Amino acid sequence: MLRQRVITAVVGVLALVIVIFLLPTRIALAVYAIVVLFGAWEWSALARLSNVWARTAYVAWVALLMVLASRYAGAPATYRQLLILTAIWWCIALAWLMFAPQRMSRIAAGIAGVLVLVPAWAAVSQLQVQSSQGPSLVFYVLCLVWAADIGAYFVGKRFGRLRLAPRVSPNKTWEGLAGGLAAAGLIAMIGAKIFSAPAVTFVLLSMAVAVASIVGDLTESMFKRFAGLKDSGNFIPGHGGLLDRIDSVTAALPLFVLGLVVLGGRAWSV
């Protein structure tokens with residue numbers, strides 16, 4: 001199983017490098033859009049929509065909101081507002097995870113899917129096109145999330161004792177969280193040098209984003225438990241559904257972009 005996961009991950013990383021750095025911008029954005037919409041299809045199952053027409057309607061609704069979000073993100077002021085609203089949503093998601101993960105409904109799950117997917121689309125599409133360093137920053141956030149995920153997996157597997165969120169994801173531990181943050185911190189220090197960013201500020205932002213990525217992962221797990229599913233799908237061999245691979249990124253990307261906006265990331269050659 002681990003070998004299959006590694007092979008699939010390597011192939012996936014190579015495909016992402018091609019999409020992010022080598023494809024024309026419009027085609028890259030189209031690929032991102034397809035990924036988000038496929039994620040919406042899988043999320044419709046988490047909202048317990050079993051009818052194919054209901055699930056298709058949900059995907060269409062997400063697509064419409066993606067178009068509106070892209071227009072809304074076209075102006076700096078409104079884009080900042082969208083990012084702030086997204087940060088508020090993830091604070092709500094964290095409180096939900098901590099205090100009432102069992103309080104759930106199909107309507108709440110459907111709305112949550114929109115709040116997870118649409119801002120992530122707006123963030124990645126704007127980051128990809130708005131600066132010369134945009135593609136590199138997109139890839140950096142992915143590396144940060146991967147580092148946090150890998151560090152958490154191996155440290156948690158070896159040393160994990162204290163359950164992080166037993167009502168949502170029993171296998172995640174505080175020791176794994178520490179391992180994930182340590183791995184993310186290493187990537188953050190490398191990123192600060194690559195982007196000529198103020199080291200302390202950039203590392204702190206990156207660590208906050210790494211924590212957000214874990215919240216994103218746990219949030220999807222909460223809704224999978226509501227739907228009675230182990231994985232969001234079986235699209236990726238050894239990894240489950242596509243949504244299982246992007247759940248952390250959906251929280252990390254918009255909050256990273258918000259950090260750049262608030263902290264004046266353009267001064268870092270962003």
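Just so you know, all these numbers are worked out from the coordinates, no wet-lab data involved. These numbers come from a predicted model, not from an experiment.
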Exercise. Looking only at Thr250, Thr78, Thr86, which one moves most when the chain is put into a Gaussian network model with springs between Cα atoms under 10 Å?
Worked result: Thr78
For this session: Starting from 0 in steps of 10 Å, tell me what percent of the Cα-Cα pairs of the chain lands in each bin.
Result: 7, 30, 39, 21, 3, 0
Problem set entry | Principal axis dimensions, largest first and in whole angstrom, of segment 23-111 by Cα | 43, 33, 21
For this session: Write down Rg/Rh for segment 101-219, rounded to two decimals, with Rg from the C-alpha atoms and Rh from the Kirkwood relation over Cα pairs.
Result: 1.03
Problem set entry | Distant-in-sequence amide H partners of Thr173 (H built 1.01 Å from N, under 5 Å) | Leu164
Problem set entry | Nearby lysines by direct alpha-carbon distance to Lys157 (threshold 25 angstrom, same-chain neighbours under 8 apart not counted) | Lys172, Lys224, Lys230
